[in-house]
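In what follows, a single structure is set out as C-alpha coordinates and then discussed.
The values are calculated or read from the model by the stated rules, or taken from the named source; none is laboratory data. Computed from a prediction, not measured in an experiment: that's the story for all the values here. Surface accessibility is based on the protein's heavy atoms, side chains included, excluding ligands, DNA and RNA. Shrake-Rupley method; radii C 1.70, N 1.55, O 1.52, S 1.80 Å.
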Amino acid sequence: MEGTMSEEDAGRFIQEYNQTASQFDPSRYDIVLDCTKLNVSTADVLPMLEQCYLLYQQSGFKKVIFTITKSPILKMQLSRVARSTKLENYEIIEV
(Lines give C-alpha, C1' and ligand atoms only; values in the text may rest on other atoms or scores of the structure.)
Protein backbone atom coordinates (compact mmCIF):
# COMPACT_ATOMS: atom_id res chain seq x y z
CA MET A 1 0.00 0.00 0.00
CA GLU A 2 1.21 3.45 -0.73
CA GLY A 3 0.03 7.01 -0.93
CA THR A 4 -3.47 7.90 0.14
CA MET A 5 -6.37 5.53 -0.49
CA SER A 6 -9.31 6.76 -2.55
CA GLU A 7 -12.76 5.21 -2.87
CA GLU A 8 -11.77 3.81 -6.29
CA ASP A 9 -8.59 2.32 -4.82
CA ALA A 10 -10.55 0.71 -2.00
CA GLY A 11 -13.12 -0.79 -4.36
CA ARG A 12 -10.42 -2.19 -6.61
CA PHE A 13 -8.47 -3.51 -3.65
CA ILE A 14 -11.48 -5.28 -2.13
CA GLN A 15 -12.33 -6.96 -5.44
CA GLU A 16 -8.74 -8.13 -6.01
CA TYR A 17 -8.39 -9.19 -2.38
CA ASN A 18 -11.54 -11.36 -2.50
CA GLN A 19 -10.41 -13.03 -5.72
CA THR A 20 -6.96 -13.81 -4.32
CA ALA A 21 -8.04 -14.88 -0.82
CA SER A 22 -10.60 -17.31 -2.25
CA GLN A 23 -7.78 -19.32 -3.87
CA PHE A 24 -6.19 -20.57 -0.63
CA ASP A 25 -6.88 -21.14 3.08
CA PRO A 26 -5.96 -17.86 4.83
CA SER A 27 -6.14 -19.49 8.27
CA ARG A 28 -2.83 -21.21 7.48
CA TYR A 29 -0.97 -17.97 6.78
CA ASP A 30 0.05 -14.58 8.11
CA ILE A 31 -0.70 -11.62 5.85
CA VAL A 32 2.12 -9.08 5.67
CA LEU A 33 1.08 -5.66 4.41
CA ASP A 34 3.85 -3.34 3.23
CA CYS A 35 2.62 0.07 4.35
CA THR A 36 6.03 1.76 4.24
CA LYS A 37 4.77 4.24 1.64
CA LEU A 38 1.30 4.67 3.13
CA ASN A 39 0.26 8.15 4.23
CA VAL A 40 -1.83 8.91 7.30
CA SER A 41 -5.47 8.65 6.19
CA THR A 42 -7.98 11.47 6.37
CA ALA A 43 -11.23 11.03 8.30
CA ASP A 44 -13.27 10.44 5.12
CA VAL A 45 -11.06 7.48 4.15
CA LEU A 46 -11.11 5.74 7.54
CA PRO A 47 -14.35 3.81 6.84
CA MET A 48 -12.66 2.25 3.79
CA LEU A 49 -9.64 1.35 5.88
CA GLU A 50 -11.96 -0.23 8.45
CA GLN A 51 -13.57 -2.33 5.70
CA CYS A 52 -10.14 -3.66 4.75
CA TYR A 53 -9.44 -4.61 8.37
CA LEU A 54 -12.78 -6.42 8.50
CA LEU A 55 -11.79 -8.36 5.37
CA TYR A 56 -8.56 -9.52 7.03
CA GLN A 57 -10.50 -10.52 10.13
CA GLN A 58 -13.23 -12.38 8.21
CA SER A 59 -10.65 -14.20 6.10
CA GLY A 60 -9.17 -15.68 9.25
CA PHE A 61 -5.46 -15.05 8.74
CA LYS A 62 -3.29 -16.30 11.60
CA LYS A 63 -1.81 -12.83 11.96
CA VAL A 64 -2.10 -9.48 10.19
CA ILE A 65 1.26 -7.71 10.04
CA PHE A 66 1.57 -4.07 9.01
CA THR A 67 5.08 -2.92 8.10
CA ILE A 68 5.46 0.86 8.30
CA THR A 69 8.26 3.40 8.35
CA LYS A 70 8.74 4.97 11.75
CA SER A 71 5.67 7.17 12.11
CA PRO A 72 3.98 7.49 15.49
CA ILE A 73 0.89 9.08 13.92
CA LEU A 74 0.40 6.31 11.33
CA LYS A 75 1.07 3.65 13.95
CA MET A 76 -1.51 5.21 16.24
CA GLN A 77 -4.06 5.44 13.41
CA LEU A 78 -3.59 1.82 12.33
CA SER A 79 -3.85 0.68 15.96
CA ARG A 80 -7.00 2.73 16.51
CA VAL A 81 -8.65 1.19 13.44
CA ALA A 82 -7.65 -2.29 14.64
CA ARG A 83 -9.27 -1.64 18.02
CA SER A 84 -12.45 -0.20 16.47
CA THR A 85 -12.83 -3.24 14.18
CA LYS A 86 -11.84 -5.65 16.96
CA LEU A 87 -8.89 -6.98 14.96
CA GLU A 88 -6.85 -8.62 17.69
CA ASN A 89 -4.30 -10.69 15.81
CA TYR A 90 -2.31 -7.81 14.35
CA GLU A 91 1.20 -6.50 14.73
CA ILE A 92 2.77 -3.26 13.54
CA ILE A 93 6.44 -3.44 12.65
CA GLU A 94 8.36 -0.20 12.20
CA VAL A 95 11.34 -0.31 9.85
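Given a 1.4 Å probe and the protein chains all in place, what does the accessible area of ARG12 round to, in Å² to the nearest 10? Its accessible surface works out to 120 Å², give or take rounding. Helical content alone sets the calculated 222 nm signal of the chain at -14500 deg cm²/dmol, taking -39,500 (n - 2.57) per DSSP H segment of four or more residues and averaging over every residue. For the chain, the solvent-accessible area with a 1.4 angstrom probe is 62 square angstrom per residue.
Computed 3J(HN,Hα) for segment 50-66, one whole-Hz value per residue from the Karplus formula 6.51 cos²θ - 1.76 cosθ + 1.60 where θ = phi - 60°, is 4, 4, 5, 4, 5, 4, 4, 5, 5, 5, x, 4, 4, 8, 10, 10, 9, glycine and proline marked x.
With all protein chains in place and a 1.4 Å probe, the accessible surface of the chain carries 51 percent carbon and sulfur.
Rank TYR53, TYR17, TYR90 by accessible area, highest first, at a 1.4 Å probe radius?
Values: TYR53 0, TYR17 20, TYR90 60 Å².
Listed by decreasing accessible area, they come as TYR90, TYR17, TYR53.
The order of GLU94, GLU8, GLU88 by accessible area, most exposed first and with a 1.4 Å probe, is GLU88, GLU8, GLU94. Per residue, the convex hull around the alpha carbon atoms of the chain comes to 84 Å³.
The mean sequence separation of alpha-carbon pairs under 8 Å and at least six residues apart, normalised by the residue count of the chain, gives a relative contact order of 33 percent. Distant-in-sequence amide contacts of LEU33, defined by a placed amide H-H separation under 5 Å and a gap of 5 or more residues or a different chain, comprise ILE65, PHE66, THR67.
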